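What follows is a single structure, written as structure tokens, with notes after it.
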């Protein structure tokens, strides 16, 4: 009998790599250079989508809102209010504010496309559909409310939702395209986190919580009008009646100075109410003088652009440091 030589079985074919949204491609070791470059190109697209989701929440704005949430919590507790409560309150605050900002981008998508500083946002750039952004904003708001309701308390849940509704309906839908007072009345939405922080600890509101709300409320006009002075041509091009476009620069500057002058004594209200002490009072006065100086320089300037930018950036740091001083004072 002659032996029969059997050939070894053929090696199995390389498994396909299937990427959602792309055709099946062979395993990396079997790909050509162009195929490998195609696989690598999918990663930047995924990262871009993630960046777009983050952009919709406006994290640079929310970071300040979280400071104005945490400081009242520390003041209400007379120290650190507890890790889990802080985590849930700040996470809920981020989600609620992020949802409000996404809804704002959905509503203002026509304006954003006509302004240089907003033209690259997800909707006007074409990277996301309006319906996608709308759904994302609603989901964030619902998740935030549920988190506050189940893990913090009902009052903080209601106040956080009220802040979102105020921002979306009062500021964005009602006032922004109608009145230069939009950032005064509608800007109250940015003061709600102070109430949320206090309520998250105590389950109620107080005179101090109202004072902290008022501080943010009075701070908002000079803060936002400083930006409006720099961007007034863009706002004018898309038809948004910002103060410099309606009132003119001089009246806007007088209004900014008036609000800044009213703000400094108002920041001492927590001292008068007995919930802040001398260290905070000293810090509030020094910070108030610094902020006033920045606004005064805009008021006296011939060319407004540079000093207005400085005043805008100063206002952001001013509020963050003021509330940090209040928290440190309470902790001490």
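What single numbered condition from (1) within 28 Å of residue 112 (Cα to Cα); (2) touching a helix residue (DSSP H, G or I) at 6+ places or on another chain (Cβ under 7 Å); (3) modelled with pLDDT of 95 or more fails to hold for residue 313?
Answer for residue 313: the failing condition is (2).
Only residues that are surrounded by fewer than 17 Cβ atoms within 10 Å (Cβ to Cβ) and either assigned to a helix (DSSP H, G or I) or touching a strand residue (DSSP E or B) at 6+ places or on another chain (Cβ under 6 Å) (or both): list them for segment 196-207, please.
Within segment 196-207, 207 is the sole residue that qualifies.
Residue 26 - would you say it is at pLDDT below 80 and under 30 Å from residue 104 (Cβ atoms)? Let's see the steps before the verdict.
Details: at pLDDT below 80: yes; under 30 Å from residue 104 (Cβ atoms): no.
No: the conditions fail for residue 26.
Specify which of the listed residues (155, 140) is at pLDDT 95 or above, assigned to a helix (DSSP H, G or I) and within 19 Å of the chain's Cα centre (by Cα).
Going through 155, 140 in turn, just one is at pLDDT 95 or above, assigned to a helix (DSSP H, G or I) and within 19 Å of the chain's Cα centre (by Cα): 140.
Would you confirm whether or not segment 112-127 contains a residue that is outside any loop (DSSP other than H, G, I, E, B), out of contact with any strand residue (DSSP E or B) (no Cβ under 8 Å at 6 or more places or on another chain) and at pLDDT 95 or above? Please lay out each step first, then the result.
At the first step, the residues of segment 112-127 found to be outside any loop (DSSP other than H, G, I, E, B) are 112.
Pick out the ones that are also out of contact with any strand residue (DSSP E or B) (no Cβ under 8 Å at 6 or more places or on another chain) and you get 112.
Now restrict to residues that are at pLDDT 95 or above: none.
No: segment 112-127 contains no residue that is outside any loop (DSSP other than H, G, I, E, B), out of contact with any strand residue (DSSP E or B) (no Cβ under 8 Å at 6 or more places or on another chain) and at pLDDT 95 or above.
Take segment 233-261 and flag every residue that is touching a residue at least 60 places away in the same chain (Cβ under 8 Å) and within 21 Å of residue 174 (Cβ to Cβ). I'd like the intermediate steps shown before the answer.
The first filter runs over segment 233-261 and keeps only residues touching a residue at least 60 places away in the same chain (Cβ under 8 Å), leaving 234-235, 237-243, 245-247.
If the condition is that a residue be touching a residue at least 60 places away in the same chain (Cβ under 8 Å) and within 21 Å of residue 174 (Cβ to Cβ), then 235, 238, 239, 240, 241, 242, 243, 245, 246, 247 are the ones that fit.
Name the residue, out of 38, 92, 98, that is in contact with a strand residue (DSSP E or B) (Cβ under 8 Å, 6 or more places away or on another chain) and at pLDDT 50 or above. I'd like the intermediate steps shown before the answer.
Working: 92 fails: in contact with a strand residue (DSSP E or B) (Cβ under 8 Å, 6 or more places away or on another chain); 98 fails: in contact with a strand residue (DSSP E or B) (Cβ under 8 Å, 6 or more places away or on another chain).
Only one candidate qualifies: 38.
Residues are listed down the side, and each one gets a yes or a no for (1) under 18 Å from the mean Cα position of the chain (by Cα); (2) buried (at least 23 other Cβ atoms within 10 Å of the Cβ):
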{"residue": "127", "(1), (2)": "no, no"}
{"residue": "131", "(1), (2)": "no, no"}
{"residue": "151", "(1), (2)": "no, no"}
{"residue": "169", "(1), (2)": "yes, no"}
{"residue": "183", "(1), (2)": "yes, yes"}
{"residue": "194", "(1), (2)": "yes, yes"}
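The values are calculated or read from the model by the stated rules, or taken from the named source; none is laboratory data. Here the structure is a predicted model, which is why all the values come from computation and not from measurement. Neighbour counts run over all protein chains shown; Cβ positions are idealised from the backbone, glycine included.
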